[in-house]
Amino acid sequence: MDSVISLENVGKVYRNGGVDTPALSSINLKIGKGDFASIMGPSGSGKSTLLHIIGALDKPSSGKVIIDGKEVSKLKEPEIAKLRGEKIGFVFQFFNLYPTLTALENVELPMVIAGKEKKERVKRAKELLEMVGLKEKANSFPSQLSGGQKQRVAIARALANNPLFVLADEPTGNLDSKSGKDIIDILENLNKKEGKTVVIITHDQSIASHSKHIIRIEDGRIVGGAK
Amino acid sequence: MRIEDIFRMSLNTILSRKLRSGLTILGIVMGVAAVIALVSIGQGLQESVNQQLSSLGGNLVLITPGSERATQGFGFAGGFGGQNSKTLTDSDLRIIKIIPGILYATGVVSGSVSLEYNSQKSESRAQGVEPGVWELVQSVDLESGRFLSKSDPNGVVIGNRVAHSLFKKEVGINSQIKINNKIFHVVGILKSTGGFIGGSGDNSVIISKTSADDINLVSSGEKDSYSTIYVKTTEGSDTETVSGYIQDRLRSNHHVSEQNQDFTINTSKTIQARVGTIIGTITLFLGGIAAISLFVGGVGIANTMFTSVMERTKEIGVLKSLGMANSDILRMILVESALLGLMGGAIGVFFGTLASSIISSIGGISPAAGPLAGRAVGTYVSLEMVLFALLFSVCVGAVSGLFPARRAANLQPVEALRYE
Ligand SMILES: Nc1ncnc2c1ncn2[C@@H]1O[C@H](COP(=O)(O)OP(=O)(O)OP(=O)(O)O)[C@@H](O)[C@H]1O
Ligand SMILES: [Mg+2]
């Protein structure tokens, strides 16, 4: 299997005013195309840190991160930005929608940043909103949406540039179980029907049980499940 | 990212936070409005003075009694100046008249008088002049009637305001008006000059030197002394050279030297230079005040811009997580702050122009004394000024945005996202 994400001996130490907090050490990890991977572990074990590094939102302190065959640390800032925008779709626990843009405009945003044309953007954004079942909320602002709706907009946005993989950090952490299930269904469908690679952090054993691949982390180290 | 999308994002930020944007540009609005309004006063002064001076002609020399310092730099205001030292005499005038290069030379006396017309009393200034010559050295036109002639000892030419607004009833040609209780016939009415140079105010009356003596315009001891001697030089002669001759002759006639010179000579050129300096100072002073307020406005915009970008750190993190490059974030914030500056500048220009036209329509500033006495000063907003204000505002905006924009652009996405 082709690996779209590959981590070699990755370590991360947070440095805050002379205090070093080790968050990850000697992480070796490969995630293949079409994979559905769950990252599990206790709070503070380094799950988010790992996902941020995979998503090129943060830099590792040591080791190599290879995404789509490119070593991230060797890329210049604009290329890393392009990588984030076009190859990676990020879904956050707290949605992180852009507050002054409507749902439709939020879904358009990654395409705006990628320099796509208006007509093409709107068409794609509408399709995606329809896919997540929010066609009628296209012109609502984030403040007018429920948590579950916001997260569905966020997923649609993550898919806007048809990324290589989707990373989701506890996407159901702030939702009731019904909305949470809807979100998981959408992600599972993406994986099953479109073969989209998905990496998800979750505390929910039942979600994990659907995964092809479970990565368990404790104290910044992978303790099981890594292939 | 497309440039039009960068503008769209910037505009979205500005328009979706109207209150914040309004507060951000408030300082620049007020600063620019102040600059436009204040500088327009200075430029208005300059404009009106330039007009006055060009109507005066280049070959006029004015001699007034007293040293330059004693007359506080406004010695040329002749008829209005209340000099005590009446040191210019008939003998001076005779000496001047024989200097080569002089076309006319004439003396004028002036003083305050009481007027009475249609049983209504008023105060005014009167000038006793030499009929037939005075009008040739003055650059004043008649609205109606004629100038004084030697044959009508009791004729008077009245200033425009005396004719039309000093008394309840209009004073027309051939009306009778009492000056210091003596009856005079109005033979001419002067055009409104707004004039402050040459002592021909709209508020004064012009009578012959002989009648001036009759009504005791000046005390009897000063009967043969002048408030001003006007000299017009011939076409081909150099006014500055002629004024140099006049100075030499008068010094020797008065037995004075440069140190204790008891008269002042002004030519069109020296008047122009002096008025120019005064107005330059006024404009500089007004401009200085305005510049301070503009600077304060600039600090204000920088301050709010900084807070505003700080507050949006998380959103900037979101944009980064969606692939926005540092350079685009920098551009977006710079465009935003430059647009804010432009809006502030445009609104400021609007209010400044409004204030300026209000100032000029309520009659403007009428200095009680000096060369502009009694004159309503118009204001003048120049295109250059407006363009400068707009350009300046845009720059202030952009510079204010630069620091927070760089800071925001260089943050790691996770750090920005963590910001609360
Ligand atoms: N910015 C930071 N500065 C310093 N230490 C940090 C920072 N971010 C995270 N850490 C530390 O790194 C470790 C891993 O944090 P991380 O957020 O990855 O945990 P997590 O597994 O996602 O936990 P949770 O399940 O609670 O979200 C923790 O000990 C945390 O305190
Ligand atoms: Mg976490």
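Summary of computed values
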{"quantity": "Filtered residues of the stretch A:28-45 (kept if open to solvent by 10 Å² or more (accessible area, probe 1.4 Å) and either within 14 Å of another protein chain (Cβ to nearest Cβ) or within 13 Å of ligand 1 (Cβ to nearest atom) (or both))", "calculated": "A:40, A:41, A:42, A:43, A:44"}
{"quantity": "Every residue from the stretch B:375-420 that is among the charged types (D, E, K, R), assigned to a helix (DSSP H, G or I) and away from chain A (no Cβ under 14 Å)", "calculated": "B:384, B:407"}
{"quantity": "Residue within the stretch B:259-269 that is part of a helix (DSSP H, G or I), within 14 Å of another protein chain (Cβ to nearest Cβ) and open to solvent by 10 Å² or more (accessible area, probe 1.4 Å) present", "calculated": "no"}
{"quantity": "Residue check, residue B:31 at pLDDT below 85 and more than 30 Å from residue B:327 (Cα to Cα)", "calculated": "no"}
{"quantity": "Given (1) buried (at least 24 other Cβ atoms within 10 Å of the Cβ); (2) more than 13 Å from chain B (Cβ to nearest Cβ); (3) farther than 13 Å from residue A:90 by Cα, index of the condition residue A:152 fails", "calculated": "(3)"}
{"quantity": "Residue in the stretch A:27-39 that is within 14 Å of ligand 2 (Cβ to nearest atom) and either part of a strand (DSSP E or B) or not hydroxyl-bearing (Ser, Thr, Tyr) (or both) present", "calculated": "yes"}
{"quantity": "Residue match in the stretch B:320-331 (condition: over 26 Å from residue B:384 (Cβ atoms) and in contact with a strand residue (DSSP E or B) (Cβ under 6 Å, 6 or more places away or on another chain))", "calculated": "yes"}
{"quantity": "Subset of the stretch A:134-149 (residues that are open to solvent by 40 Å² or more (accessible area, probe 1.4 Å) and farther than 19 Å from residue A:185 by Cα)", "calculated": "A:136, A:137, A:139, A:141, A:143, A:144"}
{"quantity": "Qualifying residues in the stretch A:46-85 (those that are in contact with a helix residue (DSSP H, G or I) (Cβ under 6 Å, 6 or more places away or on another chain) and closer than 26 Å to residue A:171 by Cβ) - the one surrounded by the fewest Cβ atoms within 10 Å (Cβ to Cβ)", "calculated": "A:68"}
{"quantity": "Selection from the stretch A:170-220 of residues that are surrounded by fewer than 19 Cβ atoms within 10 Å (Cβ to Cβ) and within 16 Å of ligand 2 (Cβ to nearest atom)", "calculated": "A:173, A:174, A:203, A:204, A:216, A:218, A:219"}
{"quantity": "Residue check for residue A:166: at pLDDT 95 or above and under 17 Å from the mean Cα position of the chain (by Cα)", "calculated": "yes"}
{"quantity": "Out of B:256, B:318, sole residue that is assigned to a loop (DSSP other than H, G, I, E, B) and either at negative phi or modelled with pLDDT under 85 (or both)", "calculated": "B:256"}
{"quantity": "Residue B:109 vs. criteria within 23 Å of residue B:218 (Cβ to Cβ), at pLDDT 90 or above and open to solvent by less than 10 Å² (accessible area, probe 1.4 Å)", "calculated": "no"}
{"quantity": "Hits in the stretch A:46-96 (condition: more than 16 Å from ligand 2 (Cβ to nearest atom), within 16 Å of the chain's Cα centre (by Cα), assigned to a helix (DSSP H, G or I) and not basic (Lys, Arg))", "calculated": "A:80, A:81, A:83, A:85, A:86"}
{"quantity": "Where a residue in the stretch B:325-348 is within 17 Å of residue B:20 (Cβ to Cβ) and open to solvent by 10 Å² or more (accessible area, probe 1.4 Å) and its partner, wherever it lies, is part of a helix (DSSP H, G or I) and aromatic (Phe, Trp, Tyr), with Cβ under 9 Å and at least six apart", "calculated": "B:335/B:7; B:339/B:7"}
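Results for (1) under 22 Å from residue A:157 (Cβ atoms); (2) modelled with pLDDT of 95 or more; (3) within 14 Å of another protein chain (Cβ to nearest Cβ); (4) within 12 Å of ligand 1 (Cβ to nearest atom), shown as yes or no for each residue.
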residue: A:10; (1), (2), (3), (4): no, yes, no, no
residue: A:14; (1), (2), (3), (4): no, no, yes, yes
residue: A:26; (1), (2), (3), (4): no, no, no, no
residue: A:51; (1), (2), (3), (4): yes, yes, yes, yes
residue: A:69; (1), (2), (3), (4): no, no, no, no
residue: A:88; (1), (2), (3), (4): yes, yes, yes, no
residue: A:94; (1), (2), (3), (4): yes, no, yes, yes
residue: A:100; (1), (2), (3), (4): yes, no, yes, no
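The values are calculated or read from the model by the stated rules, or taken from the named source; none is laboratory data. Predicted model, so just to flag it, every value in this text is computed and none were measured. Glycine also receives a Cβ, built like all others from the backbone with ideal geometry; neighbour counts cover every protein chain displayed. For the accessible areas, the whole protein counts, side chains as well, though only heavy atoms, and no ligand, DNA or RNA atoms are used. Shrake-Rupley method; radii C 1.70, N 1.55, O 1.52, S 1.80 Å.
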